[in-house]
Amino acid sequence: MKVIDLFSGCGGMSLGFQNAGFDIVAAYDNWNPAVMLYRDNFEHPIYEFDLDDPVSHEHIKDFSPDVVIGGPPCQDFSSAGKRDDTLGRADLTITYAEIVKKVRPRFFVMENVERIKKSRILDQSIDILAGCGYGLTMKVLDASYCGVPQARKRFFMIGCIDEYDDFLLPFLNGNLSKSRMTMRDYFGESLGVEHYYRHPRSYKRRGIFSIDEPSPTVRGVNRPIPKGYNPHHGDTSPVTDKVRPLTTKERSLVQTFPADFLLKGSKTNVEQAIGNAVPVKLAEYVANCLQEYVNVKRENTYKANAQARMAMDKDTLSYSQV
């Protein structure tokens, strides 16, 4: 199935769907550093468009995609931001819904932070999408149960034209891991550390973590251990010369980008792009669930058609005997 990635960033969603066997035909983003990173790592085109511009909507429609994926900017919902959906960026969630309404792919997959569930913008988006015939599945997924060594919760809304609500829920729930993936599970001993520093949003939170647990959410900020760091009661180790922040490359690996994923550009921009990305394996998890649904649907249709043909053959045989 042909896929278009909107608000693609550096390509976490694209790569996850590509790994699951989908055909990514194009991507769109309006932040140049992310666009340049994307171009370095994918063969298909990415267009640097303002998706609020209706001209871009016609451009997308020309691809006739089967699936539209993407994560509209989340800063207005995020716990790291102002948590105010009246600031303007949240409107891009409405833009995403309007594009889906205009393009009418068979499926769409929208990703955002968990807090979007409390936003009026989500309700407006649901009205738009349900109003044009999409059955909707909504689910918050913890990436650490989806093959990612990171405790990152993300909201997904998946739509299928002319389908019932919650159609994908059995697949999203049924394929989750029984236990959370830790850093040691994913990296083994390759990081060369037992404990590492992740700069907290406030010093009321801990900053030192063990590789025997999932990483905290990778953010767009990566700072060294400050001088005079005040130990937190939740830290898994005291500050020693063996405790360090993860490198930019290591943080991209925690986001489950492959080791050969190119990270060109300023450190600040690359860190921001990596922190904003959907973890590749999380996107791949959702893509695999969607593919499994399609396969089951196809198989059920095939069986139903076969049974109908058999019934017709029996009726024909009975008539000829008469």
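Annotations
- In the elastic network of the chain, a GNM with C-alpha springs shorter than 10 Å, the most mobile of LEU172, LEU246, LEU136 is LEU246.
- Here the chain is assigned +1 on the Cβ of each Lys and Arg and -1 on the Cβ of each Asp and Glu. Its dipole about the Cα centre then comes out at about 1160 debye.
- The candidate values are (1) 35, 62, 3; (2) 38, 60, 2; (3) 30, 52, 14, 3, 0; the one derived from this structure for P(r) over Cα pairs in 20 Å bins from 0, in percent carries the label (3).
- Highest-MSF residue in the chain out of GLY11, GLY159, GLY135 [GNM, Cα springs under 10 Å]: GLY135
- Here the relative contact order of the chain, from alpha carbon pairs under 8 Å that lie six or more residues apart, stands at 18 percent.
- Note on the chain: antiparallel DSSP beta bridges, both residues inside, total approximately 50 percent of the bridges counted.
- For segment 50-68, the residues whose backbone nitrogen is under 14 Å from a point 7 Å from the Cα of MET1, taken along Cα to Cβ, are 65-68.
- Under 18 Å from the Cα of LYS204 - aspartates and glutamates, other chains or at least 8 residues apart: ASP235
- Counted residue by residue at 0.36 nm each, then reduced by the alpha carbon distance between them, the extension gain from GLU58 to ASP165 reaches 35.7 nm.
- Eligible lysines near LYS242 by straight Cα distance, threshold 17 Å, same-chain separation 8 or greater: LYS227
- Gaussian network model of the chain, Cα within-10 Å springs - most flexible of CYS132, CYS160, CYS146: CYS132
- Over segment 155-294, equivalent-ellipsoid semi-axes from the Cα gyration tensor in Å: 33, 17, 15
- Annotation: lysines with alpha-carbon distance below 23 angstrom to LYS102 (same-chain offsets under eight excluded): LYS2, LYS61.
- Exceeding the 21 Å Cα-Cα cut-off - candidates LYS153/LYS281; LYS101/LYS281; LYS139/LYS281; LYS117/LYS153; LYS101/LYS297; LYS117/LYS139: LYS101/LYS281; LYS101/LYS297
Quick note: the coordinates plus some simple rules give every number you see, no bench work behind them. Quick caveat, the model's predicted, so the values are computed rather than measured. Note that we place each Cβ from the backbone using ideal geometry, even for glycine, and neighbour counts take in every protein chain shown.
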